[in-house]
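Trainee: Input: one structure, supplied below.
The values are calculated or read from the model by the stated rules, or taken from the named source; none is laboratory data. Here the structure is a predicted model, which means the values were calculated and not measured. Ideal geometry is used to build each Cβ from the backbone, glycine not excepted, and the neighbour counts take in all protein chains shown.
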Protein chains: 2
Amino acid sequence: MKILVLGGDGFCGWPTSLHLSDAGHDVVIVDNLSRRQIDVLLEVESLTPIATISERLTTWQELTGKKIGFEFLDIAQDYSQLLEVLKKHKPDAIVHFAEQRAAPYSMKSSLTKRYTVDNNVNATHNLLCALVESNIDAHVVHLGTMGVYGYGWFGTAPIPEGYLPIKVNTPEGEIAREVLHPANPGSVYHMTKTLDQLILAFYAKNDGVRVTDLHQGIVWGTQTPQTVLDERLINRFDYDGDYGTVLNRFLMQAAIDYPLTVHGTGGQTRAFIHIRDTVRCIELAIANPPIKGERPTIFNQVTEIFKVRDLANLIAKVTDVKITNLPNPRQEAAENELAVDNQQFLALGLNPTTLSQGLLDEVRDVTNKYAHRIDTSKIPARSKWRNTPATKTAVKQAPPARSKRKIRT
Amino acid sequence: MKILVLGGDGFCGWPTSLHLSDAGHDVVIVDNLSRRQIDVLLEVESLTPIATISERLTTWQELTGKKIGFEFLDIAQDYSQLLEVLKKHKPDAIVHFAEQRAAPYSMKSSLTKRYTVDNNVNATHNLLCALVESNIDAHVVHLGTMGVYGYGWFGTAPIPEGYLPIKVNTPEGEIAREVLHPANPGSVYHMTKTLDQLILAFYAKNDGVRVTDLHQGIVWGTQTPQTVLDERLINRFDYDGDYGTVLNRFLMQAAIDYPLTVHGTGGQTRAFIHIRDTVRCIELAIANPPIKGERPTIFNQVTEIFKVRDLANLIAKVTDVKITNLPNPRQEAAENELAVDNQQFLALGLNPTTLSQGLLDEVRDVTNKYAHRIDTSKIPARSKWRNTPATKTAVKQAPPARSKRKIRT
């Protein structure tokens, strides 16, 4: 199958591209290298020493004999070129990761809010518009987020996979319907994924575009069976206050004996998935497209659920590091419960990597191995969620790391 | 009250600006004159001879002694300037009409689809972002559309004003909630207003922006008590296939004895409002802002409901012109029923202008008076809703007008 991976140089995109290439698909990465450029602007680097895209692709071909194509392109900005790329490659499926994906970054300033909205909305809309214009019937596999739903909607009922069964009182009596689950995004980034949902639904309805939307939990882990083959294929590991997800940040902090920074009570309950399962889910989604004319298929791409403080406790126990509680800059409930329906991927054969299975590998092979590359000045989260005095006090810095690092292997 | 009217040179914006100025508010129009520029590109003109914005403002000041300010600005493109304008004027309220508002235009080509999404989303988001950055607590009154809801959701139940009471089965039993009404937009234009809803909701929740969203029906009528004072203040009247709304197009066709073009069966049921009521609703919305921290207030800004064929029959009866049925290029149900809840504006004292009261004025004072300005080549609707052979046959041209015009007064 010919597959374009938009954003194929990023954290999810790169291992997905390798996984799909390894599985025998003809893969072309489309990327503007924006994630690397944001690193430059934020003055941070991946903990792992990621190779350039050219070196990555050359290495993959050397090792496996498989060629992955590359198109340097900003799909949000250069529509004509996007159209040319679609006509040139005539893909059967398109995996769309080409969006700014960090919530804290999206709340950092007016500039980053506006970039996130402009980039993400136009990327998604340009893609759909170009598919219609070029009359290419490619299956669009879009990466959404569990954050589109928000938390605490309907008691302990598991969040359904995209569509919510509801009942409404009418003059004819109670009517039952299934509707897109109500949205309650917690950041500008999450908001853009709620906008994507509506754009995808419109093009599925009006133009028969086949769409799968994957509402993914927080991804953890770094390596897949492909990225681990050679250090030049290594996946990125973000730990800074903007792009580092909660589990990565804890692991990195543990590696340098820096107290684990839990914001608020740590009672935030979130859904997680290992990067190895992400790439398998993408493959399963590609193999199971919706029928033309149907509403988008929505999967909840999650495998485990934890409270943030339980994650911290687990890592503290394994690594013998302390925990610090800091005020929470985000506008979110201090405590929430969460149950998620993920039956669709399990029914398709996904066999998840659990935290208890994968955590020690991650500590040994990634965070401890590359701990010497950590810049401790990049650890605090600095994004303010809103302009209020209460929140301003909440962004004071984390305590400095202890000067001596304990590296465990 | 200091009020900015974004898009204040347009069809709704201009009479709103005059109405608010007449009511004693300090009004500043912010506009990039995009509506006039689109006229140039489409090679069409308003049926009514609209004056330039300078002449409009000068005339208003001459007649009434009241000054309306003007800022030439593209709020979707020039964020820095928008920020400056907000800081300079420190508005108490902002009426946001600065969006591309024609459904057929939004479906015309990839260019117009992309313009509509890029312009409308960034206009709304830039405004909210700039209010947060500048710390100006202005009440945002946004013009939405009834088209966000779609049709035929819940039997004969009236469409509620924005929020739908639902019941959901959970392990704790049935839970009742009120959620944003599900969206089912019929065009890219309508889709952008469903995106706006989510953006507005996020900024209301996260930053306490006070928002009123007005889901307006199809506006008909041309003049208000202010625009009728002098021909240089006249409001625009669009009749072309892109910007002409259904009632305007029927009236214009009747004025030149051109058969009224009903697309499909004419069984589409739609909600309507006279422009005189639009401007009153805006004033009522401004006078009744939501409390800071509340979800956006949503009004259904409609006063009457008709089937398209009933409108055609009514006008045919009054003007003695024939009706032609053409295939429908839109992706919509041939027939639908519609009931709308509009209690909030009625409770605030709105006393609607009905079609039976206003139709003859419109025929006599607008369409017949300016019938000599009609360019009959601009009458057919040419936008295709999708790329399918079935739809391509549906965009064949309307029959040519009879050569001799009957003008009635």
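Trainee: So, in region A:84-103, how many residues would count as being surrounded by 22 or more Cβ atoms within 10 Å (Cβ to Cβ) and in contact with a Gly (Cβ under 8 Å, 6 or more places away or on another chain)?
Mentor: 7
Trainee: Considering only region A:127-136, I want to know if a residue exists there that is within 11 Å of chain B (Cβ to nearest Cβ) and free of Cβ contacts under 8 Å to residues at least 24 places away in the same chain.
Mentor: yes
Trainee: Considering each of A:Arg309, A:Arg330, A:Arg270 in turn, give the residue that is in contact with a Phe, Trp or Tyr (Cβ under 6 Å, 6 or more places away or on another chain) and under 23 Å from A:Ser383 (Cα atoms).
Mentor: A:Arg330
Trainee: So A:Thr245 passes all but one of these: (1) at positive phi; (2) free of Cβ contacts under 8 Å to residues at least 60 places away in the same chain; (3) away from every other protein chain (no Cβ under 14 Å). Which condition number does it fail?
Mentor: It fails just one condition, (1).
Trainee: Would you be able to say whether some residue in region A:210-222 is buried (at least 23 other Cβ atoms within 10 Å of the Cβ) and more than 30 Å from A:Pro158 (Cα to Cα)?
Mentor: No, region A:210-222 contains no residue that is buried (at least 23 other Cβ atoms within 10 Å of the Cβ) and more than 30 Å from A:Pro158 (Cα to Cα).
Trainee: Scanning region A:43-69 for residues that are among the hydrophobic types (A, V, I, L, M, F, W, C) and surrounded by fewer than 18 Cβ atoms within 10 Å (Cβ to Cβ), which turns out farthest from A:Asp365 (Cα to Cα)?
Mentor: So, considering only residues that are among the hydrophobic types (A, V, I, L, M, F, W, C) and surrounded by fewer than 18 Cβ atoms within 10 Å (Cβ to Cβ), the one farthest from A:Asp365 (Cα to Cα) is A:Leu63.
Trainee: Related question: Checking the conditions here, which among B:Leu164, B:Leu200 is touching a Leu at 6+ places or on another chain (Cβ under 8 Å) and under 23 Å from A:Ala157 (Cα atoms)?
Mentor: B:Leu164
Trainee: Another question about this same structure. Out of all the residues in region B:170-193, which are assigned to a loop (DSSP other than H, G, I, E, B), farther than 28 Å from B:Arg386 by Cα and not charged (D, E, K, R)?
Mentor: B:Pro171
Trainee: Looking for something outside any loop (DSSP other than H, G, I, E, B) and basic (Lys, Arg) - is there at least one such residue anywhere in region A:202-212?
Mentor: Looking for residues that are outside any loop (DSSP other than H, G, I, E, B) and basic (Lys, Arg), one finds at least one in region A:202-212, hence yes.
Trainee: Show me the helices (runs of 4 or more DSSP H) found entirely inside region A:32-144 where at least 1 residues are under 30 Å from A:Arg295 (Cα atoms).
Mentor: The helices (runs of 4 or more DSSP H) meeting that bar are A:79-89, A:103-106, A:110-134.
Trainee: Continuing with the same structure: Identify the residue in region A:145-169 that is touching a residue at least 40 places away in the same chain (Cβ under 8 Å) and outside any loop (DSSP other than H, G, I, E, B) and, among all such residues, is farthest from the other protein chains (Cβ to nearest Cβ).
Mentor: A:Met146
Trainee: Only one of (1) crowded, with 23+ Cβ neighbours inside 10 Å; (2) of a type in the set (Phe, Trp, Tyr); (3) out of contact with any His (no Cβ under 6 Å at 6 or more places or on another chain); (4) more than 20 Å from A:Ile291 (Cβ to Cβ) fails for A:Tyr149. Which number is that?
Mentor: (3)
Here is a yes/no grid of residues against (1) within 11 Å of chain A (Cβ to nearest Cβ); (2) in contact with a helix residue (DSSP H, G or I) (Cβ under 8 Å, 6 or more places away or on another chain); (3) of a type outside the set (A, V, I, L, M):
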| residue | (1), (2), (3) |
| --- | --- |
| B:Gln81 | no, no, yes |
| B:Val85 | no, no, no |
| B:Ala93 | no, yes, no |
| B:Gln100 | no, yes, yes |
| B:Tyr105 | no, yes, yes |
| B:Thr116 | yes, yes, yes |
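Trainee: Here is a follow-up. State yes or no: is B:His372 closer than 16 Å to B:Phe237 by Cα and touching a helix residue (DSSP H, G or I) at 6+ places or on another chain (Cβ under 7 Å)?
Mentor: So B:His372 fails the test.
Trainee: A follow-up question, please. Basic (Lys, Arg), more than 9 Å from chain B (Cβ to nearest Cβ) and touching a residue at least 24 places away in the same chain (Cβ under 8 Å): is that true of A:Lys193 in this structure?
Mentor: Yes.
Trainee: Say whether the condition of being under 27 Å from B:Cys129 (Cα atoms) and of a type in the set (Asp, Glu) is met by at least one residue in region A:85-97.
Mentor: So in region A:85-97, the residues under 27 Å from B:Cys129 (Cα atoms) come out as A:96-97.
Those still in the list that are of a type in the set (Asp, Glu) too: none.
Within region A:85-97, none of the residues are under 27 Å from B:Cys129 (Cα atoms) and of a type in the set (Asp, Glu).
Trainee: So which of B:Arg249, B:Arg270 is charged (D, E, K, R), within 17 Å of B:Asp341 (Cα to Cα) and at pLDDT below 95?
Mentor: Details: B:Arg249 fails: within 17 Å of B:Asp341 (Cα to Cα).
Exactly one of B:Arg249, B:Arg270 is charged (D, E, K, R), within 17 Å of B:Asp341 (Cα to Cα) and at pLDDT below 95, namely B:Arg270.
Trainee: All but one of (1) touching a Pro at 6+ places or on another chain (Cβ under 7 Å); (2) surrounded by 20 or more Cβ atoms within 10 Å (Cβ to Cβ) hold for A:Lys384, so report the exception by its number.
Mentor: It is condition (2) that A:Lys384 fails.
Trainee: Ok, one more. Please work out which one of (1) under 19 Å from the mean Cα position of the chain (by Cα); (2) facing another protein chain (nearest Cβ under 7 Å) is the condition B:Glu172 fails and give its number.
Mentor: (1)
Trainee: Return a yes/no flag: does region B:11-18 have any residue that is of a type in the set (Phe, Trp, Tyr) and over 26 Å from B:Thr245 (Cβ atoms).
Mentor: No.
Trainee: Could I ask something else about it? For residues in region A:163-190 being in contact with a Ser or Thr (Cβ under 8 Å, 6 or more places away or on another chain) and under 30 Å from A:Arg114 (Cβ atoms), which is surrounded by the most Cβ atoms within 10 Å (Cβ to Cβ)? Full working, then the answer.
Mentor: At the first step, the residues of region A:163-190 found to be in contact with a Ser or Thr (Cβ under 8 Å, 6 or more places away or on another chain) are A:170-172, A:183, A:185, A:187-190.
Right, trim to under 30 Å from A:Arg114 (Cβ atoms) and you get A:183, A:185, A:187-190.
Numbers: A:Ala183: 22, A:Pro185: 24, A:Ser187: 25, A:Val188: 28, A:Tyr189: 24, A:His190: 22.
The selected residue is A:Val188.
Trainee: Only one of A:Val211, A:Val188, A:Val179 is more than 9 Å from chain B (Cβ to nearest Cβ), modelled with pLDDT of 95 or more and out of contact with any Asp or Glu (no Cβ under 8 Å at 6 or more places or on another chain); which?
Mentor: Only one candidate passes the filter, namely A:Val211.
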